[in-house]
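Some notes on the structure that comes next.
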Amino acid sequence: MGRLELLSPEGLRVDGRRANELRKVSAKTGVLAQADGSAYLEMGNTKVLAAVYGPRECRMRSQALHDRAIINVEFTQATFSRIERRPTRKFDRKNMEVQLQIRDTFEAVVDTTIYPRSQIDIYLQIMQADGGQVQACINAATLALINAGVAMRDYVVACTVGNVDGTPLLDLNHIEESQGTPEITLATLPRSGNVVLIQMESRLHMDKLEKTLQLANDGCAQIHERLDEVVRKELRDLVHKVGQHSNTVRGVSTA
Amino acid sequence: MAPGNTPAPAPAPAPAPQPTDPAAAAAAIKKLHPRAYLARFLAAGVRPDARQPSHFRTLRITPSAVSTAHGSALAHLGQTTVLCAIKAEVAVPALDKPDRGFLVVNLDLPPLCSGKHRPGPPAAEAQALAHQFAGYVESAPIVDLAKLCIAERSACWVLYADLLCLNDDGNVLDAAVAALVAALRSVRLPRAEYDDDDGAVRASTDATNRPITLPILRTPVACSFAVVDNHLLADPTADEAALASASVTVLVDADRSADSDPLLAVTKRGGTPLSKPQLAQCIALARNRARAVSSAGLLA
Amino acid sequence: MSTRIVVPGERLGPARPDQTLQAGTYLRGGNVVATVVGAVGADDQVSVQGKSRKAAIPTVGAQVTGKVKRINSRMAIVSIMMIGAQPVKEDFEGVIRVENVRATERDKVQIPKCFRPGDIVRAEVISLGEAHSYILSTAKNELGVIFAQSAAGATMIPISWEEMQCPVTGAIENRKVCQIENTSQ
Amino acid sequence: MTRTSGRSNGTMRPLRSAKGVLNRADGSGRFAHDKTTVLCGVYGPVEVKLRDEQLDKATLEVIFKQNIGLTSTREKFLESFLKETLEALIMTNLHPRTLIQITFQTLQNDGSLLSAAFNAACMALMNAGIPLHSTFASVSLCILPNGDIFLDPTADEEEQAESRHVFVFDSRREGAYCVHSDGPFLQEKFDKCYDYAALSAKVILDYMKAARE
């Protein structure tokens, strides 16, 4: 089978985007009433639901840490999230790896020391998978944590970038991912510029790395802008409501 | 009421640490004395969410919520949310039923949907609920499985209906049945042909080929009730269900909901014995609900 | 509305040496930075209050309310249900050790004469404990049992700081009673 | 339609029972509707795990084992069904912070399994001396496509039936403790089943009383 042409001579990708173009990012927070915080995020056709429970008492008390909270991440892909139905497997190594990556990412940024001996659960459910599940999960988890009011030093925004014959491509979809394209997932703290996750499992020449990473960083900045818009808009709506029903609104107090 | 279930007399109002704020005081009573909190509402004939005891929450259906599935629907019952997505695959029919397809339902309550559910294998309660749900689907088939056969003894459709509870605020069963029915109605399958020569199933190449809908036999509507201190509460929330001494679920067909039409299932579980008139009241309320759901065109 | 809205990671202003950090903020490179979403308070008090009240966990010094789950001769085990006036979504476990029940005559305290399973008590968190539960104390007048039912199932009425009476049977039971009058004034 | 066994529609199969059949259990009972036989063992009140401890009542643990096949969600459903009903019938408030374990083993299944399990539980609980609010009995029925109601159906009859019904009544006859009906059925038939079940429950209770003496 010949390799699919991922970039047309005109510089367009299989879904009509340009190389440095993100898919449409849309998000909404507070979508699940039972959870302490939640968010639904779409990046193109990749759709993920994130729920945060906690800080709450550690499920296994022996795991509790006396000086900070532990973070627990559960990552599941719905059986119907792909074209082929795949039954959920209990101990999927790939899923466990993703869980650990996301957990480590957020341990670096959540202010866990103010919640000693407690546990923060982040549940991530992929509803539809069209490439870039990890980046979508990290972005959704950021929104859900903010929604839960969990203290974080900064947003965490993640973006994937691939490289096709020397041209970096932003935000790969499933078709592009499945062609063996070298792919980097980058998660950054946009305000301080720190990198918290960088992951690549394929071969890419050193000379191309810098340009590729630069694009990923640009992508993160764009996503940060989108997420920030969502957070601020919902907060403005809330403050507006507070203004209307002066004193008794849980949430923001304007003391 | 069985003597063992007699609730303690309603306690005096719990002193809230800061009795100045009435909302905080109410929240404190709700947390510390949930039974007394609910009992006070019920004594006044309303429920904490302002519903009458016999009122159901509003059912909303969002059709075709998952584009990777052959059919899907999201059902909201108040804040309880269940997603159902259906994927069709081709399989060989069972030996004892060579002319039938399959409908495989699976209801999952992941830890995402409520603080009650913890990661790991599903709790016994969730498994029992999933079995009850699957039992209803089996004993009162929604889809004519005989029409899912592509070629006798050789090929048939398997419909995998995966239901995922996204938010559990009580009465997941009713929402799950609604999500399943709506999702099944939204299924579009390619017209398939079986090739005798190589045993393959192919989508029909007929130029006028239009996707087929499923042969729907009935539109079940589940209506659940909780018994709390001798009050019958329709469509209980999670808080109400936690205090219930018994639960009743009635499954009726929204297409045939006259009093003379058949019921599809009645399940009463838990303590407090129910007399025939009480059961009849549940059934009558359920039929009303089914008619309301049907006339709102929610499951059409 | 002139309230300034900030998001996690947003700089609030330079840190001044005389300032103590408020909840919802942290220090980054000489600046005070928000950690939660919320509105900024008065500008000499850089603080952010978001929905973080929702995420309350017991802290040392906090007053908590909970239900006694079980007792033994050494301690009463309490399910913490409220922190201050804020109900928690999921309970935390705390213990009242026999030496922390009251301030005087500590060596004479007998747990069954102070608490019974099912009682609702108000207590103060005195330590986060070692590996297990939060350590609570009721060794103040305004701490102790605030609600108890008698064997007959009626809500008992406090008649002294260590006794409560059942209004139905008249039976008197021993408790470490919380003096509510003091706190509500 | 006539029944293969030659029974009339409203006749139960011969009942057999035994109590105290397990010598290590605190109480046990075996109950048989002809071939359908369930053995029930009761252990307790015993110490309960801290996690499951309840302040004001005993914790029930119900374990249901089939004689054949792998365990599935069906057993979990039966367990939760039995547990919720037995919780209302046992005076659990007399043994707070203890565990009562009730174990069922299907010896043979020829229909009306859940009813046999309930009836075995009643025998075993009485044998164990666990205080009950009242004795109880369970009856199964099924409605055939032609509208006939068969009492105490066999597995074959359940298979042919359009709907299946299980009821549990107590000796005070206040109402049904548990109802489980599935498959399409008319309400008037359901009402009839309810009445038949209430009457038959009394027959079973009388049988149990005789067996006790």
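Just a few scattered comments:
- Members of region B:146-183 found to be under 14 Å from the mean Cα position of the chain (by Cα) and in a helix (DSSP H, G or I), listed by number: B:172, B:173, B:174, B:175, B:176, B:177, B:178, B:179, B:180, B:181, B:182, B:183
- Positions within region D:6-57 being closer than 30 Å to residue C:151 by Cβ and part of a strand (DSSP E or B), in sequence order: D:27, D:42, D:43, D:44, D:45, D:46
- Restricting region C:41-64 to residues that are closer than 16 Å to residue A:235 by Cα and either crowded, with 22+ Cβ neighbours inside 10 Å or of a type in the set (S, T, N, Q) (or both), the residue that is modelled with the lowest pLDDT is C:52.
- Some residue of region B:54-61 being closer than 23 Å to residue A:47 by Cβ and hydroxyl-bearing (Ser, Thr, Tyr): no
- Of the residues making up region C:132-173, just one is more than 18 Å from the chain's Cα centre (by Cα), hydroxyl-bearing (Ser, Thr, Tyr) and within 17 Å of residue C:69 (Cα to Cα), namely C:150.
- Count of residues meeting criterion [in contact (Cβ under 8 Å) with a residue 12 or more places away in the chain, surrounded by fewer than 21 Cβ atoms within 10 Å (Cβ to Cβ) and more than 23 Å from residue B:142 (Cβ to Cβ)] in region B:270-283: 2
- Residue within region A:188-196 that is away from chain C (no Cβ under 13 Å), touching a residue at least 12 places away in the same chain (Cβ under 8 Å) and crowded, with 17+ Cβ neighbours inside 10 Å present: no
- Residue C:168 vs. criteria surrounded by 14 or more Cβ atoms within 10 Å (Cβ to Cβ), within 14 Å of chain B (Cβ to nearest Cβ) and closer than 29 Å to residue A:58 by Cα: no
Yes/no per residue for (1) free of Cβ contacts under 8 Å to residues at least 40 places away in the same chain; (2) more than 24 Å from residue B:186 (Cα to Cα); (3) more than 13 Å from chain D (Cβ to nearest Cβ):
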{"site": "B:91", "(1), (2), (3)": "no, no, yes"}
{"site": "B:105", "(1), (2), (3)": "no, no, no"}
{"site": "B:111", "(1), (2), (3)": "yes, yes, yes"}
{"site": "B:119", "(1), (2), (3)": "yes, yes, yes"}
{"site": "B:125", "(1), (2), (3)": "yes, yes, no"}
{"site": "B:140", "(1), (2), (3)": "no, no, no"}
{"site": "B:156", "(1), (2), (3)": "no, no, yes"}
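- Number of the condition not met by residue D:42 [criteria: (1) surrounded by fewer than 12 Cβ atoms within 10 Å (Cβ to Cβ); (2) modelled with pLDDT of 95 or more]: (1)
- Failed item in (1) touching a residue at least 24 places away in the same chain (Cβ under 8 Å); (2) part of a loop (DSSP other than H, G, I, E, B), with residue B:197 passing the rest: (1)
- The strands (runs of 3 or more DSSP E) found entirely in region B:227-300 that carry 2 or more residues being at pLDDT below 95, facing chain D (nearest Cβ under 9 Å) and over 20 Å from residue B:60 (Cβ atoms) are B:246-253, B:263-270.
- Region C:97-121, subset at pLDDT 90 or above, outside any loop (DSSP other than H, G, I, E, B) and out of contact with any helix residue (DSSP H, G or I) (no Cβ under 8 Å at 6 or more places or on another chain), residue farthest from residue A:64 (Cα to Cα): C:113
- Restricting the search to helices (runs of 4 or more DSSP H) fully inside region D:64-181 and requiring at least 2 residues that are touching a Phe, Trp or Tyr at 6+ places or on another chain (Cβ under 8 Å), within 14 Å of chain B (Cβ to nearest Cβ) and in contact (Cβ under 8 Å) with a residue 40 or more places away in the chain gives D:73-89, D:113-128.
- Residue D:100 vs. criteria closer than 14 Å to residue D:44 by Cβ and modelled with pLDDT under 95: no
- Given (1) within 13 Å of chain C (Cβ to nearest Cβ); (2) closer than 24 Å to residue A:225 by Cα, number of the condition residue A:102 does not satisfy: (1)
- Subset of region C:7-35 (residues that are free of Cβ contacts under 8 Å to residues at least 24 places away in the same chain, of a type in the set (Ser, Thr, Tyr) and facing chain A (nearest Cβ under 10 Å)): C:25, C:26
- Every residue from region B:254-289 that is in contact with a Lys or Arg (Cβ under 9 Å, 6 or more places away or on another chain) and under 23 Å from residue B:226 (Cβ atoms): B:254, B:257, B:263, B:264, B:273, B:274, B:279, B:282
- Region B:45-69: number of residues that are outside any loop (DSSP other than H, G, I, E, B) and either aliphatic (A, V, I, L, M) or more than 20 Å from the chain's Cα centre (by Cα) (or both): 2
- When residues of region A:48-85 are limited to those that are at the interface with chain B (Cβ under 7 Å from one of its Cβ atoms) and of a type in the set (Ser, Thr, Tyr), the one surrounded by the fewest Cβ atoms within 10 Å (Cβ to Cβ): A:79
- Tally of residues being part of a loop (DSSP other than H, G, I, E, B), hydrophobic (A, V, I, L, M, F, W, C) and touching a His at 6+ places or on another chain (Cβ under 9 Å) across region B:106-145: 2
- Of all residues in region C:99-119, those satisfying the criterion of being away from every other protein chain (no Cβ under 14 Å) and crowded, with 17+ Cβ neighbours inside 10 Å are C:100, C:101, C:102, C:109, C:111, C:114.
- Selection status of residue D:169, in contact with a Pro (Cβ under 9 Å, 6 or more places away or on another chain) and within 30 Å of residue D:94 (Cα to Cα): yes
- Scan of region A:13-47 for residues that are among the aliphatic types (A, V, I, L, M) and within 11 Å of chain B (Cβ to nearest Cβ), ordered by number: A:31, A:32, A:33, A:35
- Identity of the residue in region A:112-152, within 9 Å of chain C (Cβ to nearest Cβ) and assigned to a helix (DSSP H, G or I), that ends up surrounded by the fewest Cβ atoms within 10 Å (Cβ to Cβ): A:114
- Scan of region A:153-162 for residues that are within 14 Å of chain C (Cβ to nearest Cβ) and surrounded by 24 or more Cβ atoms within 10 Å (Cβ to Cβ), ordered by number: A:154, A:155, A:156, A:157
- Residues (among the β-branched types (Val, Ile, Thr) and at pLDDT 90 or above) located in region A:114-152: A:120, A:122, A:126, A:134, A:138, A:142, A:146, A:150
The values are calculated or read from the model by the stated rules, or taken from the named source; none is laboratory data. Fair warning: this is a prediction, and the values are worked out from it, not measured in the lab. Backbone-built Cβ (ideal geometry, glycine too); neighbour counts: all protein chains shown.
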